[in-house]
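Beneath this line is the structure, given in structure tokens, with notes to follow.
The values are calculated or read from the model by the stated rules, or taken from the named source; none is laboratory data. Keep in mind that this is a model prediction, so the values were computed, not measured. Every residue, glycine among them, receives a Cβ derived from its backbone with ideal geometry; neighbour counts consider all protein chains shown.
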Amino acid sequence: MKFRKKPIVIDAQQWFPPGDPRHDPTMLSHRKGHTVSPPDYRQSGDLYAFSEIKGHGADDIFLIRTGGPNDNVTVNPGDWIITGVNGEKYPCKPYIFEKTYEPVDSFGG
């Protein structure tokens, strides 16, 4: 059997790390307090620097929480952060994004 992806509209924003002129600081999550033990206060969809949990020199590695409490995926510069049909967030490599998605004009749906 063959299948075709349903035509749905998604939200996506391209990720660039701090120091890059295209960086959008609002994409990074900053939460305070601990809700589980061991301390981890991130929620699904949070994008954060690995150095926040490990410290010492790992600030060039960024992760996104994609689902459960230990579901963290590395996000690389230029990756697209997609918000899926159920509100979930996940990274997508630029070459895959380009083959899979196209811009939607705001009036044409």
### Any chance P7 is closer than 28 Å to E102 by Cα, surrounded by 10 or more Cβ atoms within 10 Å (Cβ to Cβ) and either modelled with pLDDT under 60 or out of contact with any Cys (no Cβ under 7 Å at 6 or more places or on another chain) (or both)
no
### D46 surrounded by 10 or more Cβ atoms within 10 Å (Cβ to Cβ), at pLDDT below 80 and touching a helix residue (DSSP H, G or I) at 6+ places or on another chain (Cβ under 9 Å)
no
### Query
Can you find a residue in segment 23-38 that is modelled with pLDDT under 70 and among the polar types (S, T, N, Q)?
yes
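For segment 76-95, enumerate the residues that are outside any loop (DSSP other than H, G, I, E, B), modelled with pLDDT of 90 or more and surrounded by 12 or more Cβ atoms within 10 Å (Cβ to Cβ). Even if it seems obvious, please write down each step before you answer.
First, the residues of segment 76-95 that are outside any loop (DSSP other than H, G, I, E, B): 80-83, 89-92, 94-95.
Okay, now just the ones that are also modelled with pLDDT of 90 or more, so 80-82, 91-92, 94-95.
W80, I81, I82, P91, C92, P94, listed by residue number.
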### Query
Out of (1) out of contact with any strand residue (DSSP E or B) (no Cβ under 9 Å at 6 or more places or on another chain); (2) modelled with pLDDT under 80, what's the single condition that is false for G19?
(2)
### Query
Among all residue pairs at least 6 apart or on different chains, which show Cβ distances below 9 Å where the first residue, located in segment 84-104, is without any contact (Cβ under 8 Å) to a residue 24 or more places away in the chain and the second is outside any loop (DSSP other than H, G, I, E, B) and surrounded by 11 or more Cβ atoms within 10 Å (Cβ to Cβ)?
K93/W80; I96/W80
